[in-house]
1. Kindly provide the set of residues from the stretch 164-174 that are out of contact with any helix residue (DSSP H, G or I) (no Cβ under 8 Å at 6 or more places or on another chain) and surrounded by fewer than 19 Cβ atoms within 10 Å (Cβ to Cβ), ordered by number.
2. Take the residues in the stretch 117-159 that are touching a residue at least 40 places away in the same chain (Cβ under 8 Å) and surrounded by fewer than 16 Cβ atoms within 10 Å (Cβ to Cβ); name whichever of them is nearest to Leu31 (Cα to Cα).
3. In this structure, is Arg80 without any contact (Cβ under 8 Å) to a residue 60 or more places away in the chain, outside any strand (DSSP E or B) and under 30 Å from Leu164 (Cβ atoms)?
4. Do you know which residues across the stretch 121-147 are over 18 Å from the mean Cα position of the chain (by Cα) and among the β-branched types (Val, Ile, Thr)?
5. Of all residues in the stretch 164-182, which are touching a residue at least 40 places away in the same chain (Cβ under 8 Å) and either within 10 Å of Pro143 (Cα to Cα) or β-branched (Val, Ile, Thr) (or both)?
6. Condition first: among the basic types (Lys, Arg), farther than 20 Å from Val49 by Cα and in a loop (DSSP other than H, G, I, E, B). Can you find one or more residues in the stretch 96-103 that meet it?
7. Please go through the stretch 35-58 and give me each residue that is in a strand (DSSP E or B) and under 16 Å from the mean Cα position of the chain (by Cα), ordered by number.
8. Name the residues in the stretch 1-34 that are β-branched (Val, Ile, Thr) and assigned to a helix (DSSP H, G or I), would you?
Amino acid sequence: MPNELVKNWFVDQFSNLHPLLQKLHTDGGKLIGDVDIAYGKGLARIIGVRLANKMNLPNAGVHQLSVNISHDSDGLHWERCFDDKAVVKSLFKPVGNIKQGYWIETTGPLSMKLTVDINNGGWFWRCLNVNFLGVPIPRWLIPHTNAYKIIENGLYRFHVEFSLPIIGSLVSYKGLLQKDEV
């Protein structure tokens, strides 16, 4: 049964999302496919590996990713699973709407205040602030996040990357996922 949680947050801009992203975020579903996980070099790699361990990401290389997306009265639920191993659960709670609001993503002890930019039908997250165990983390300590989902030839392109100024990319995962019709 369709859920209007995401549509209501985007209000009149929901139609600017690609139709496949609209459907995914009203109907829910499961996406599967290969993603490439990469780590930085030197100090960036050391920090990236530590960050990845906290996120239950596997080693560098190609891995199978499944993402289950669902809704309920609590919000938008995402369950990410790499190689059928540990599941990483996130809850996204909408606050207000795209014009004067944001999403709160909670993953374990970490919560992020996020907003969304729509570019060419794609969904681009923008981090506004981060809390760990309820304590705000200064922006200069937080890795820059580049996270988006777009549609390419009927597939879902996922890209998530964390980086720091000067030392560069810490860890990233990206790939094309398809809707699992099971």
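Values quoted throughout were computed directly from the atomic coordinates according to the rules given, and no laboratory measurement underlies them. Keep in mind that this is a model prediction, so the values were computed, not measured. We place every Cβ from the backbone using ideal geometry, glycine too, and count neighbours over all the protein chains shown.
1. Keep residues of the stretch 164-174 that are out of contact with any helix residue (DSSP H, G or I) (no Cβ under 8 Å at 6 or more places or on another chain), which gives 165-166, 172-174.
Answer for the stretch 164-174, where residues must be out of contact with any helix residue (DSSP H, G or I) (no Cβ under 8 Å at 6 or more places or on another chain) and surrounded by fewer than 19 Cβ atoms within 10 Å (Cβ to Cβ): Pro165, Ile166, Lys174.
2. Taking the stretch 117-159 as the starting set, the residues that turn out to be touching a residue at least 40 places away in the same chain (Cβ under 8 Å) are 118, 121-123, 143, 149-151, 154-156, 158.
Applying the additional criterion that residues be surrounded by fewer than 16 Cβ atoms within 10 Å (Cβ to Cβ) yields 121, 154.
On the way: Gly121: 18, Gly154: 12 Å.
That would be Gly154.
3. Details: without any contact (Cβ under 8 Å) to a residue 60 or more places away in the chain: yes; outside any strand (DSSP E or B): no; under 30 Å from Leu164 (Cβ atoms): yes.
Considered against the rule, which asks whether it is without any contact (Cβ under 8 Å) to a residue 60 or more places away in the chain, outside any strand (DSSP E or B) and under 30 Å from Leu164 (Cβ atoms), Arg80 comes out as no.
4. As a first pass, look at the stretch 121-147 and keep what is over 18 Å from the mean Cα position of the chain (by Cα): 133-141.
Within the stretch 121-147, Val135, Ile137 qualify.
5. Step one: list which residues in the stretch 164-182 are touching a residue at least 40 places away in the same chain (Cβ under 8 Å), which gives 164, 167-180, 182.
Result: Leu164, Ile167, Gly168, Ser169, Leu170, Val171, Val182.
6. We begin by selecting, within the stretch 96-103, every residue among the basic types (Lys, Arg); these are 99.
Those still in the list that are farther than 20 Å from Val49 by Cα too: 99.
So of that shortlist, the ones also in a loop (DSSP other than H, G, I, E, B) come out as 99.
Yes, the stretch 96-103 has at least one match.
7. If we filter the stretch 35-58 for residues that are in a strand (DSSP E or B), which is where we start, we get 35-39.
Of everything in the stretch 35-58, those that are in a strand (DSSP E or B) and under 16 Å from the mean Cα position of the chain (by Cα) turn out to be Val35, Asp36, Ile37.
8. Our first condition is that a residue be β-branched (Val, Ile, Thr); within the stretch 1-34, this holds for 6, 11, 26, 32.
Within the stretch 1-34, Val6, Val11, Thr26 qualify.
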